[in-house]
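Derivation of every value follows stated rules applied to the coordinates shown; laboratory data play no part. Everything quoted here is computed from the prediction, not taken from an experiment. Heads up, the Cβs are rebuilt from the backbone with ideal geometry, glycines too, and the neighbour counts pull from every protein chain shown.
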Amino acid sequence: MLLAEHSPIRLVEFEWTWQDIKQWITVHLVRHHEGCEKFIHSQREDRRNLIVPRDKLEQGSLNDMDMTANAQALINISKVRLCMKASKETRRAWRQVIDAVREIDPVMADKCVPSCVYRGFCPEMEGCGYDKTNEFQEVLKQYRKTDYEN
């Protein structure tokens, strides 16, 4: 059902929190809007004890972010945020989510792959070359796996 992306997977929901995530990384993540909700903690001075006034905070300042997403959204976000062309910091933050999902649902985690694995080839105009590696072939095989009994 996950590999076929049938509609019932939109009923499977996950939620998590990033603590101390860079503000500019949250900007990447809020771009995703279908099947998910994002809650970036306030940086209002009257709501939090900030050392620096909000107008002086840098993009690299740390904040907390909560997020919920259904299984379809995890698949869709993974295609973009696990791509080697994505920023390594955003990729690392998203990888944390998928690693946590793997602990409770390894099949779901197996279906959260970068776009090249999802499609079987790299759709980028200037790819990173990952799709030409032996590791790619192994990941592709795991992604396409449907028999989890053996």
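Filter the cross-link list Lys22/Lys85; Lys85/Lys132; Lys38/Lys145; Lys38/Lys111; Lys85/Lys111; Lys38/Lys132 down to pairs whose alpha-carbon distance in this structure exceeds 27 Å.
Pairs exceeding the cut-off: Lys38/Lys145; Lys38/Lys132.
Above 13 angstrom, tally the Cα pairs of region 41-84 and express them as a % of all pairs, no decimals. List each step's numbers first, then the result.
Values: 637 of 946 pairs.
Pairs farther apart than 13 Å: 67 percent.
How far, in degrees from 0 to 90, does helix 71-81 lean away from the longest principal axis of the Cα atoms of the chain, to the nearest 10?
80 degrees
Separation between the Ile51 and Thr17 pseudo-spin-labels, each 7 Å from Cα along Cα→Cβ, expressed in nm?
2.1 nm
So in the chain, which Cys have no other cysteine's beta-carbon sitting under 4.7 angstrom from theirs?
Cys36, Cys83, Cys112, Cys128
Can you compute the helix-only [θ] at 222 nm over the chain? Use -39500 (n - 2.57) per DSSP H run of at least 4 residues, normalise by all residues, nearest 500 deg cm²/dmol.
Rounded to the nearest 500, the figure is -10500 deg cm²/dmol.
What's the Kirkwood radius of region 93-144 in Å, using all Cα pairs?
Result for region 93-144 stands at 11.7 Å.
At 20 °C and 1.002 mPa s, grab the translational diffusion coefficient of the chain from Stokes-Einstein with a Kirkwood Rh over Cα pairs, rounded to a whole number in µm² per second.
Calculated translational D: 128 µm²/s.
For Glu103 and Ala4, calculate 0.36 nm times their separation in residues minus their Cα-Cα distance, and state this gained length in nm to one decimal.
Answer, rounded to one decimal: 33.4 nm.
Once phi is turned into ³J(HN,Hα) by the Karplus curve 6.51 cos²θ - 1.76 cosθ + 1.60 with θ = phi - 60°, what whole-Hz value does each residue of region 85-94 show in order, with x for glycine and proline?
Working through the residues one at a time gives 7, 6, 4, 5, 5, 5, 4, 5, 4, 5 Hz.
One-quarter of the Cα convex hull surface for region 28-117, in nm²?
Average of the hull's projected areas for region 28-117 equals 6.8 nm².
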